[in-house]
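The values are calculated or read from the model by the stated rules, or taken from the named source; none is laboratory data. Every value quoted in this text rests on a predicted model; they were computed, and no experiment measured them. In this analysis, Cβ positions are derived from the backbone assuming ideal geometry, glycine residues included, and neighbour counts consider all displayed protein chains.
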Amino acid sequence: MFTWLKNKTELQRLQYNYCKLMKSSYKLALTNKQKSDQLHERANQIMLQIKEIEGQGQSAS
């Protein structure tokens, strides 16, 4: 009922930020290639963090 009150995990926050950056990067690519590349690079850094967290979860199982 009150799912919006639940705290998101670190992985969920990273995934949300990654998705948001990739969408912004795609939209900016039409007008500003340099800014789009910067956002894409930040999104790639977040993806590395996501993979690191997912890797830790798999090795703990």
Unique match (being at pLDDT below 95 and among the acidic types (Asp, Glu)) among Glu54, Glu41: Glu54
Pick from the range 38-59, criterion charged (D, E, K, R) and farther than 19 Å from Thr9 by Cα, ranking: surrounded by the fewest Cβ atoms within 10 Å (Cβ to Cβ): Glu41
In the range 1-37, the residues that are in a helix (DSSP H, G or I), loosely packed, with under 14 Cβ neighbours inside 10 Å, modelled with pLDDT of 95 or more and not basic (Lys, Arg): Tyr16, Cys19, Tyr26, Gln34, Asp37
